[in-house]
Amino acid sequence: MFEPVDNQVSFPKLEEIILEFWKRRQIYDRSLKLRENCEKFVFFEGPPTANGLPHPGHCLTRAMKDLFPRYRTMRGYLCERKAGWDTHGLPVEVEVCKELGIHSKEEIENYGVEPFIHKCQQSVWRYMQEWERLTERLGFWIKLDEAYVTYHERYVESVWWSLKVLFDRGHLYRGHKIVWWWAQGGTALSSGEVGQGYRTVADPSAYVLLPLVDDPDTNLLIWTTTPWTLPSNQFAAVNPDIDYVTVVDEELGCKLVIAKDLVESIAEKTKRQLRVEAEYRGRDLIGKRYMPPFDYYYPTRKDEQGELTEGGKQHVMWRVVPADFVTTDSGTGLVHQAPAFGEVDYEVLVREQQRFVSGSGPDLICAVGPNGKFTEEAEDLADMWVKDADKLITRKLKESHRLYFLDQYLHEYPFCWRAENDPLIQYPRQSWFIRTTEFKQRMLDNNQQINWLPEHIKHGRFGNFLESNVDWALSRERYWGTPLPIWVCEKTGQMEAIDSYAALQQKPGARGFEAWEQAKRINPELPDDLRVHKPYIDEITYDSPFASGASMRRAPEVIDCWYDSGAMPFAQWGFPHQNADRFFQQFPADFISEALDQTRGWFYSLLAISTLVFDEQTDAIPEIPFPHPFRNCIVLGLMLSEWYESKKNPSDIRLTKQEADEAFGVGNYSQSVGKMSKQKRNYLAPSELFNRYGADALRWYFFANQPPWTPIRYSEQQIKDSIPEFLLRLWNVYGFFLIYANIDEFDPSLELRELDENSQLRSHELAKAESYRPIAERSEIDRWILAELDETINLVTERMDAYDNFNACARINGFVDALSNWYVRRSRSRFWGSEKRSRDKLDAYWTLYECLIQTSKLIAPFVPFVAESIWKNLTGVFGERTVESVHLCDFPESGHREDANLAHNMNLLREIASLGRAARMEAKLKVRQPLNAVTVILGPQADQQWLRAHDSILREELNVKSLNCTPDVGAYVTYQIQPNFGRLGQRLRALLPKVKQILGNADGAKLLDELNRVNRVTLQVEGQSIELDSEDIQVRLVANPGWAAAQGDGVVVVLATELTPELIIEGLARDIIRLVQDRRKELKLDFSDRIKLELSTDSAELKQAIADFKDLIMDETLTVKLEILNQPRASMPTNSLNQFKLSIGIEIDNG
RNA sequence: GGGCAUAUAGCUCAGUUGGUUAGAGCGCGUCGCUGAUAACGACGAGGUCCCAAGUUCGAAUCUUGGUAUGCCCA
């Protein structure tokens, strides 16, 4: 006996049971053990940060990360899955600050770095349980208890090692980074924070004259909305490829250099007459020297020259430089450059520096201090807050006749999000960089070898990002992060990198370890991992090897946490300090997957670190060919949410249409789609979703509804829909099998006592059963569904090998549909027969059983719970002889029973059935009414033969007495002849439309006749003869009007609609049967209950139907005794049948 | 402002190297089935394939230029 299942299955409940089973029987561990010595499929987990609640978006990534490892495991690979957690960085600090009610760095320092760090370490795990629960509940198999953690000492030391490698090779340097700076708070803001604080403000809009050194009557005209940056001017930038002009302003008696396209708009704005005097390219201006607007630096430094790398000398500052970003959209076409206060300006400076021999180029000028006030260098402006200085600056410009025009300008400008009245400024901070730009080509080469899905990421978003690579700003002036492992000599400034705590301890004169030791004494609970963190690590100093008597002291910064996660390929093992073998076994990854937002995040940090660190071969590291550290990467789309807003109160929302209808009334709401938002609560929490619909429903929705890189909508309705559309359909087929197998006592285990231990019930094993007949001997439909099964296995395997889950699912869905809506539908009567062990019935059982067994394996990676449940029940009859979990099975292999011909024929049959139903529909003849004949008109001989041989299916499906199959068109059909475009297009080119016309007008039947006789026809087209053979044309059949006919692709189905009295009576008999069955159901009779049936009617027709079809009626309704009453009893309900009345009485009579 | 992507039925989405009747599911409508049964199924309506120009015998598909939306960057 198989365990009977409830048709009203609760998938969430079923999943809980399966989860318990997996845990109890350690299925995941055993699935790994099984592949112990197999080829590896390497997966890297991109570490999430567990300091927030898991989000629906995480379900998608985690589902994808589960799918392919499961699939590969079943395909015979060893796929280890080590979990990981990202634990450092600003988000964690922000969480702790929130909790403490503080935000500035000053406040953190007042609170104390030490307790702050402790809080950070604790806070990381705040939502750990939620994460683990989600991971497990979703069925994501990953080793949570072996997770790598980025703050662990061995992880940190591994990161240190890689930084030391980079440092020792000269790829790590100190420079400036222009950041958005909150001067009052003394801290830099992340781009996310900056984005929150934009406001519209009016700033001065100043047009400023910069006289040329060689020609003081001619001025470069520049435009700025931040006059306070002018004292720090270093260059003027032009676009070498746009046209510039010299214009004369007669009134002022001076000449201006501006972009040609902007002459008019500037003249209009400033209300001046501007006469063009000369025209030239931007590149002609490059190198020209000018006088900056202020004299704070100019008089002393104007003659400074530096040595160019390409030879020769040049003035280092105050000259025209080229820049692509200069446009003629606004301003003057010349851009004032103050590299201290703009990121692009700074890049210009860096580029200029690179043109000079190291040290002799321009340095950074910055007349403003970190407090946002001018320094002493700006003499009369000193101590003035920059924004307050704008007025004074413009006045001074006016006095020196350098101000050409002044206006106001409205634009968006960022303010501090926690101190609304403080405008942010861009400001240079000292920072550590990784010289990634030098590896640009290597990274591009590496990228070239990666298989990106979707493909456009490679050259699009990711490739472009690499192309415009800038050096990686590595350091952060924060607290909770991997400390930068660089110690600096306090005397000479010389530096060295350290790669482990032990290395530090061995340094001569190493000291300062007490800070940690004392903390540990006070609080023994402190995890030892904290000793490599701030503030303890900062206390450690040692004797400088560069100057006697001096100490080495750590650079105070921590590093970007993206570096942490990008280092995971080696740091997860603690390489090279430990586990070198594990690292090499698990490198590079075959598969990673994250969402699109990781292009500049994890995807980049992985690629950059790997490319740089493993660039050089060493004793410890062999040469590693590209791509590394990952070969295949699925980039997931963003997840959006769908919700319904009340029109009255838009903040009142519901998540499904149904709920909105109930809550707001139909039409009183609008549908919205957008980003998920915690505040809005516009999505259903994953846990809730699992409770309502189950993990499999969610998984199938993710995998089957769209390619994973399209933006995915988190729509409760659609997740819900994936149940009836796939899971339930499969479940019904499975349930159908169970019902009849139990009734008929079909038990495959009884015939398969000799099974191998741990059988997976592969096809060849099933074949050993006595009643399992060779496929060739079974009926057409059995052979067909098994062929479909094998074809499906082939295709799903091929698609999954190509990381294409979407089309794999489409094919599985198609198979389940075929199984349910054709195989079971057409085979139902075979299961109903009373002979329990008839050959045909056993064939049907074995076929369906095999399909279900294989399907459970096929769907196991996708919907692991349902798959497991089906597998366990279907194999339960074997006891211990079969593998106890579907996840310990191999992925199914085709039994090589594919049969394209059969598939074609069966499709034809299904199409004809469908056309027949359409024709019936058209003629308003319900299927219950038998008809005399159906005529199928189709061309190919082979098809006709096959159809004649299998007409019973069609006769039954369409309820007709006979089927005629003919190539004759008769009166029903007209031929239409079309050229075979694919074939003739190349040959005929422009003549094709003519040929099409001629063929269309020709007498189709005659043409075909000629073709059949001599196998070619000749057409005269525009004086040319064109010979066509039968391959060159396509024949279409068109049903003539006036018949109950339907046409498909190359086939027409015509129904004989004539109703004889016999047919009508038979139709009535069927109606009676249906009414009796209805009544049986109303009385809640069991399937197998025999009955005594009493019928009563006035109608002569019904009486005749009962008389003529007595046996049929009794048989179909399990009637043992049938009586016709002249008068219905009072207890007998009366039904209308057409215009007649029929009363039915039923009593159970099981003898 | 730049980069990338997307635009196909009321909704969510497929659509393989260009081939002449553009598909699926949901929803809607009509109906069927009643021994898978609070299920199941059939059939139908519904499309300017965002717009325009071009290439071609032929364009949802290729090219160019727009428009709209999303993401990333500035």
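Details
- Relative contact order (%) - the range A:12-171, alpha-carbon pairs under 8 angstrom, separation at least six: 31
- Spin-label pair A:Gln441-A:Thr1057: with each label point 7 Å from Cα along the Cα-Cβ axis, the two points sit 7.8 nm from one another.
- Prolate/oblate/rounded call for the range A:889-965, Cα gyration tensor, a/c under 1.5 rounded: prolate
- Within the straight-line cut-off of under 21 Å between alpha carbons, the lysines reachable from A:Lys836 are A:Lys768, sequence neighbours fewer than 8 places apart in one chain being disregarded.
- Mean-position separation - Cα centroids, the range A:732-746 and the range A:525-592, in angstrom: 61
- Averaging the sequence gap over all C-alpha pairs within less than 8 Å and six or more residues apart, then dividing by the number of residues, gives chain A a relative contact order of 10 percent.
- The range A:187-300: relative contact order as a whole-number percent, Cα under 8 Å and 6+ apart: 28
- Each part gets one Cα centre, and for the range A:1-69 versus the range A:856-929 those centres are 24 Å apart.
- The angle between the Cα long axis of helix A:900-923 and the longest principal axis of the Cα atoms of chain A comes to about 70 degrees, rounded to the nearest 10.
- Stretch gain in nm, segment A:Glu455-A:Val213, where the contour uses 0.36 nm per residue and the Cα spacing is subtracted: 81.8 nm
- Centre separation in Å (Cα based) which lies between the range A:332-395 and the range A:763-788: 83
- Set of the range A:109-125 residues, backbone N closer than 18 Å to the point 7 Å along the Cα-Cβ line of A:Asp538: A:109-121
- Using alpha-carbon coordinates, inclination of helix A:695-704 to the longest axis of chain A, degrees: 80
- In order through the range A:459-466: 3J(HN,Hα) via Karplus (6.51 cos²θ - 1.76 cosθ + 1.60), integer Hz, x for Gly, Pro: 9, x, 3, 6, x, 4, 5, 5
- Percent of beta bridges antiparallel (DSSP, chain A, rounded to nearest 5): 75
- Residue-count net charge about A:Arg319 - beta-carbon cut-off 14 Å; Lys, Arg +1, Asp, Glu -1: +2
- Helix A:864-875 and the long axis of chain A differ in direction by around 30°, with both axes built from C-alpha atoms.
- Note on A:Glu880 and A:Ser838: their simple-model spin labels are 4.0 nm apart, each label 7 Å out from Cα toward Cβ.
- Phi angles across the range A:559-571 convert, under the Karplus curve 6.51 cos²θ - 1.76 cosθ + 1.60 with θ = phi - 60°, into 3J(HN,Hα) values of 9, 3, 6, 5, 5, 3, 5, x, 8, 4, x, 9, 5 Hz, Gly and Pro given as x.
- Ranked by how many other Cβ atoms sit within 10 Å of their own Cβ, fewest first, the residues A:Glu770, A:Glu93 fall in the order A:Glu770, A:Glu93.
- Exposure proxy for A:Ile1091, A:Ile624, A:Ile258: other Cβ atoms within 10 Å of each Cβ, ordered fewest to most, give A:Ile624, A:Ile1091, A:Ile258.
- The residues A:Val488, A:Val5, when put in order of fewest to most other Cβ atoms within 10 Å, stand as A:Val5, A:Val488.
- With the charge dipole of chain A set up from +1 on Lys and Arg Cβ and -1 on Asp and Glu Cβ about the Cα centre, the Cα lying farthest toward the positive end among the listed residues A:Ile793, A:His950, A:Asn37 is that of A:His950.
- Sorted on the mean count of surrounding Cβ atoms within 10 Å across their residues, most packed first, peptides A:17-27, A:780-790, A:795-805 read A:780-790, A:795-805, A:17-27.
- Within the same chain, lysines fewer than 8 places from A:Lys961 are excluded, and of the rest, those with a Cα less than 21 Å from its Cα are A:Lys924, A:Lys926, A:Lys1110.
- Karplus (6.51, -1.76, 1.60) ³J(HN,Hα), θ = phi - 60°, over the range A:435-448, in Hz, Gly and Pro reported as x: 6, 5, 4, 5, 9, 3, 5, 5, 5, 5, 4, 4, 4, 4
- Listed cross-link partners A:Lys271/A:Lys391; A:Lys255/A:Lys288; A:Lys872/A:Lys1084; A:Lys65/A:Lys857; A:Lys119/A:Lys520 are compared with a 21 Å cut-off, the Cα-Cα value being larger for A:Lys271/A:Lys391; A:Lys872/A:Lys1084.
- Evaluating kT/(6 pi eta Rh) at 25 °C and 0.890 mPa s, with the Kirkwood radius of chain A over Cα pairs in the Stokes-Einstein relation, gives 66 µm² s⁻¹.
Readers should treat all values here as calculations from the given coordinates under stated rules, not as data from a laboratory. The structure presented is a predicted model; accordingly, all values stated were derived computationally and were not measured. Neighbour counts are summed over all protein chains in view; Cβ atoms, including those assigned to glycine, are modelled from backbone coordinates with ideal geometry.
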